[in-house]
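Values in this text are rule-based calculations from the coordinates and carry no lab data. What you see is a predicted model, and the numbers here were worked out from it, not measured in a lab. For neighbour counting, all protein chains shown are included, and Cβ atoms are generated from backbone atoms with ideal geometry for every residue, glycine included.
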Amino acid sequence: LRKIIIDTDPGQDDAAAIMLALASPELEVLGITAVAGNVPLALTGRNVRMVTEICGRADIPVYAGADRPLARKLVTAEHVHGKTGLDGIDLFEPARPLEPEHAVDFIIEKLRTEPAGSVTLCPLGPLTNIATVLERAPDVVNRIKQIVLMGGGFFEGGNITPSAEFNIYVDPEAAKIVFGAGVPLTMMPLDVTHKVLTTRARVERLRANGNRASVAMADMLEFFERFDEEKYGTDGGPLHDPTVIAWLLDPGMFSGRNCNVEIETGSDLTLGATVVDWWKVSGRPENALVVNDVDADRFFDLLIERLGRL
Ligand code: BDR
Ligand code: CA
């Protein structure tokens, strides 16, 4: 049983990641923390609770964290996710409120009280909360088992600017802190997430599960994929965030390379770029496992089978 904390900004693909985690007996979700990203914090905090309730898991505590990046104005992504962040389903007011504690305090406390090296952090949005934890409580840094995050892109380029991926772009200063912290890091960049497309056939298979969570996921994905279909003419959109959870469950379906990764925080042109030393030309120390390939059919088989269990 692997203990995880999911830090997230839902987002339909975040919702899919949360559902996959809650459907998987190999993972113990200690709590879920919300951060501002795809939509403002008031919405991401509500969206997380909606998703846990759709999964019948209102027992999972949800905490609100940072409402803006460390040093910049918040950039959001309603053009992809819709005004609510979860467009595609009928929204409702969740029964369980947010926990009174701040997300950062919750994460620090869990890292201090759970056995050292037992808790994995799974950031699916801008890295503001996670960077704040690392800065505020240096004693917890080497108690983290691992950070497995969705963010960045290298050969694939960026999706919010030509050179930056959204999660890193929104809070590059936070990303710099996280990549420089010395915590074992696995990174799921666009290079891998653009290989898991929500094709019509896959969404139909998911819907055919027939349970509430699968149908809600299918409804959300039908909205979400429209952006890529209309803009790029693909069959489906990239299901970014669930790759983080799938990697924890079945790393054998992925491949990648240990590399040095640095974050650009200076240049206006390439702000938030993840500079990945794939060819090992810099001599800088490796600080992340950079994943760049996946067996997409195996990924969707896992996702669809697991969602059917909820
Ligand atoms: C990332 O940005 C968000 O829009 C998605 O939820 C994902 O975490 C992809 O760039
Ligand atoms: Ca996200």
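Summing +1 for each Lys or Arg and -1 for each Asp or Glu among the other residues whose beta-carbon sits under 15 angstrom from that of PHE154 gives -4. The trypsin sites (Lys or Arg not before Pro) found in segment 58-102 that occupy coil by DSSP, while having at most 15 further C-beta atoms within 10 Å, are LYS73, LYS83. For the chain, with the dipole built from +1 on Lys and Arg beta-carbon atoms and -1 on Asp and Glu ones, taken about the Cα centre, which of GLY237, TRP247, ALA16 lies farthest toward the positive end? Value computed over the given set: TRP247.
Please give the charge dipole size of the chain, origin at the Cα centre, charges +1 on K and R Cβ atoms and -1 on D and E Cβ atoms. Round to the nearest 20 debye.
Result for the chain is approximately 480 debye, rounded to the nearest 20.
Can you classify the chain as rounded, prolate or oblate using the Cα gyration tensor, where a ≥ b ≥ c are the square roots of its eigenvalues, rounded means a/c under 1.5, and otherwise it's prolate if a/b beats b/c and oblate if not? It comes out rounded by the Cα gyration axes.
Expressed as a rounded percentage, what relative contact order does the chain have, with Cα pairs under 8 Å and six or more residues apart? Intermediate results must be reported in sequence, preceding the final value.
Values: 722 pairs, mean separation 62.0, N = 310.
For the chain, the relative contact order is 20 percent.
Say a site is exposed when it is one of the chymotrypsin sites (Phe, Trp or Tyr not before Pro), sits in a DSSP loop, and has at most 14 other Cβ atoms within 10 Å; what is then the longest site-free stretch of the chain? Between exposed loop sites, the widest span is 156-278.
Taking amide H positions as modeled 1.01 Å from N, with prolines and chain starts lacking one, the residues under 5 Å from LEU27 and 5 or more places away or on another chain are ARG2. Shape analysis of segment 1-58 places it in the prolate category; the axes a ≥ b ≥ c from the Cα gyration tensor give an a/c of at least 1.5, with a/b above b/c.
Restriction of the GluC sites (Glu not before Pro) in segment 22-96 to DSSP coil positions whose beta-carbon has at most 15 other beta-carbons within 10 angstrom yields GLU26.
Which shape class, rounded, prolate or oblate, goes with segment 114-156 when its Cα gyration tensor gives a ≥ b ≥ c as root eigenvalues, a/c under 1.5 marks rounded, and past that a/b bigger than b/c marks prolate? Verdict is prolate for segment 114-156.
Which percent, nearest 5, of DSSP beta bridges in the chain are antiparallel? Working shown, then result.
Numbers: 11 of 35 bridges.
Within the chain, antiparallel bridges account for around 30 percent of the total.
Calculated [222 nm] ellipticity per residue, helices only, for the chain: -10500 deg cm²/dmol; basis is -39500 (n - 2.57) per DSSP H run with n ≥ 4, divided by all residues, nearest 500. The charge dipole of segment 166-269, taken about the Cα centre with unit charges on the Cβ atoms of Lys, Arg (+1) and Asp, Glu (-1), comes to about 460 debye, rounded to the nearest 20. Across the options LEU111, GLY180, GLY157, the greatest Cα extent toward the positive end of the charge dipole of the chain (unit charges at beta carbon of Lys, Arg, Asp, Glu) belongs to LEU111.
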